[in-house]
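These notes are about the structure you will find just below.
The values are calculated or read from the model by the stated rules, or taken from the named source; none is laboratory data. This structure is a prediction, so every number in the text was calculated from the model and none was measured. Cβ: placed from backbone, ideal geometry, glycine included. Neighbour counts: every protein chain shown.
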Amino acid sequence: MTAHYVATHPQIQPTRLLLVDDQALLRRSLRIAIDREYDLTVVGEAGTGAEAIAAARVLRPDLVLMDIRMPEIDGIEATRQIIDDAAPDHTRILILSMFELDEYLYEALRAGASGFLLKDARPEELVDAIRRVATGESLFAPTILTTLVEYYLGHRAVTEKTDPARLSRLTTREKEVLALVGKGLPNDDISATLTVSRNTVKTHISSLLAKLAARDRAQLVIAAYESGLLVPAPHKTQS
């Protein structure tokens, strides 16, 4: 059905995906879930970070579903090299993990990952996440995103945590949009919060990406915290 739909709708250009995980069974499950969607197609698979880097260089996928813990080269280094090799704004990385607080997730974000999803997500959640990351509109669930960024900032040196000068080129409205992006809000929610059109939000985000030299929204989130615009909540200790 997918192939027929695309054949009869030539204007459709499916998002091309590379699946990276050391478990063949999981890759097969992911492929089945993805290939039945008319606007998504799997163009390759890899079982290690080294294979992922090599495959990405040849296939130039639009998006890579990337595991973190793998033999040889892990998902963090693979992400870094794929992003470095990719043409600007071309390949995006969606990280797959078993745990919300995986100790390597914040490093993956810094390496250039554009999204994060738990491996136990439902198929419809997976498909939605792929589409959102591919368009750059929404990258993480707000709770996961906030936790991830707070964890990242909590492991940096105190002197590196804030840089207010990063905001000097931004307008007041752009700062408001940046703060809401930093909280994990998608465009529709930002539009409703500020009572502006969705297109206006997209224009502000494009300006933020340019002024802050950010690759995508994930980097805008980091910029919101690193600039001091948002302050991480204190970590709670478990009793």
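Of note:
- Near pairs, Cβ below 6 angstrom, 6+ apart or cross-chain, from the range 65-82 (over 11 Å from L96 (Cβ atoms)) to any residue that is modelled with pLDDT under 90 and part of a helix (DSSP H, G or I): I76/E107; I76/A108; I76/A111; T79/A108; T79/A111; R80/A111
- When the range 23-37 is filtered for residues that are among the β-branched types (V, I, T) and touching a residue at least 12 places away in the same chain (Cβ under 8 Å), only I34 remains.
- A count restricted to the range 22-46 and to residues that are modelled with pLDDT under 95 and under 14 Å from G75 (Cα atoms) stands at 2.
- In the range 119-155, the residues that are crowded, with 18+ Cβ neighbours inside 10 Å, at pLDDT 75 or above and out of contact with any helix residue (DSSP H, G or I) (no Cβ under 8 Å at 6 or more places or on another chain): A129, R132, V133, A134
- Looking at the range 168-231, the helices (runs of 4 or more DSSP H) lying wholly inside it that each contain 2 or more residues that are in contact (Cβ under 8 Å) with a residue 60 or more places away in the chain, of a type in the set (A, V, I, L, M) and surrounded by 16 or more Cβ atoms within 10 Å (Cβ to Cβ) sit at 217-226.
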